[in-house]
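This report concerns only the one structure given below.
The values are calculated or read from the model by the stated rules, or taken from the named source; none is laboratory data. None of these values were measured; they are calculated from a predicted model. FYI the Cβ positions are ideal-geometry reconstructions off the backbone, even for glycines, and counts take in every protein chain you see. These accessible areas exclude ligands, DNA and RNA; they are computed on the full protein's heavy atoms, side chains included. Shrake-Rupley method; radii C 1.70, N 1.55, O 1.52, S 1.80 Å.
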Amino acid sequence: MLQGNLGTLGSKPVVCPTLTCGHTSPSLLLRARRGALQHQAAHHALVCKQPLVPMHTQQLAPPRLPPLAASSNGDANSAEQAKPSLLQAAMDKGGITRTLALGTLFAGWYLFNIQFNIYNKFVLKAFPQPLTCTTVQFVVGAGLSALFWITGIVKRPTVNKSTIISVLPLAMVHTLGNLLTNVSLGAVAVSFTHTIKAMEPAFSVALSALFLGEQPHPLILATLLPIMGGVAMASMSEVTFNWRGFLSAMGSNLTFQSRNVFSKKLMAKAPPVEGEEPVQLDNFNLFSIITILSATLLLPVTLLIEGWRLTPARMLDMGITEPYGIIQGVILSGVLFHLYQQVSYMILQRVSPVTHSIGNCVKRVAVIVASVLVFRNPMPLQNSIGTAIALMGVFAYSQVKRTVGKAGKAKAQ
């Protein structure tokens, strides 16, 4: 029999009983150790109903981390992860489930946006009142948001005065940006409006450097050259070019990018009001509140400047022979407007900003192609080449920004 047990194997040599000299045989010692370990493992499995894990394996096993909780700084992504939705649960599974969920969101984003641009252009051609159309779009979106909350499709957030004050600046620039976009869509071709809006990265870089003190990387500056050059080339040969459409699209770029820049300061930490702290919102509810505030802001302005012209009698006076069709088109464009922007926020919550930017570039290509096919707008060769150069510049900008960002993080570590 072997002398000692597992507790003494490490400190006392196991003497082979067949050797009378009392010396230890290395091979028999190793065999004895192995047999004792196997015996203890079998005993542990019998008693504990689970296999014994060697100590070196336990030391290398990574610890289980607790799930991410909602942060106290109002981060929308953390809030969503704290209470995952069905879509988020599908995303968390990874693999093909996550791919299908993301693919569905992107497909819906593209489809709703293409349909919105087509219906919106038809409406603005027959009913050239961009202020009224934009107001209806916000009112319809506010109604849809309220419907989602009432039916329980989306959990209604608790909103206080501090939250409203924090979101109000974003709603103001959101309102102005969409109004200017509709002005441009009513004045020039859909394809040309989206070609001009491809210059958003140039405005983002300029405003970030001016107000946030961010110094752009030389490679990022280099990608802006084909963007600006392509837009200039397309503008010189655009058949529907006029300054109202061009300047309103540029103003939309300035407004939307200033929203992105200033939100970093305004939403970093909202000051409490009367002892209140801003309520944490996910991206879905954040956009819903922005939409409601935009409708509240723009409706009085519309009534003051244009009055309410979206009535059959007023439209007949304007020479519109099918007023009910126009009313249906305005409401439908409002539904599509809200859906495509809501899905865009949902995508942004689940992917990186750079991935979202690349997806937005591809979406712009799809909108331009679809609008040319539907409206049969003439696109001279110079215009087509300029548009292609600008969009390729936007794609290059997104790729370079991702690469520079990864290099910066690696250097910081």
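Data overview
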| item | result |
| --- | --- |
| Residue-level accessible surface for LEU105, protein heavy atoms, 1.4 Å, Å² | 20 |
| Flagged links, alpha-carbon separation over 25 Å, of LYS155/LYS401; LYS121/LYS363; LYS125/LYS197 | LYS155/LYS401 |
| LEU310, LEU210, reordered so the largest accessible area comes first (probe 1.4 Å) | LEU210, LEU310 |
| Which of ARG402, ARG244 is most accessible, then next, and so on - probe 1.4 Å | ARG244, ARG402 |
| Full-extension gain in nm, LEU303 to LEU168, via 0.36 nm per residue minus C-alpha separation | 46.5 nm |
| Potential extension, LEU225-THR321 segment - 0.36 nm per residue separation minus Cα distance | 29.9 nm |
| Area of HIS217 that stays accessible when all protein chains are in place (1.4 Å probe, Å², to 10) | 80 |
| Dipole magnitude (debye, nearest 20) for the stretch 167-267, charges at Cβ of Lys, Arg, Asp, Glu | 220 |
| Tail weight of P(r) past 19 Å, computed on alpha-carbon pairs of the stretch 144-245, percent | 64 |
| Potential lengthening between VAL369 and VAL239 on full extension [0.36 nm per residue; Cα-Cα distance subtracted] | 45.2 nm |
| Heavy atoms of LYS125 accessible to a 1.4 Å probe, total area in Å² rounded to 10 | 130 |
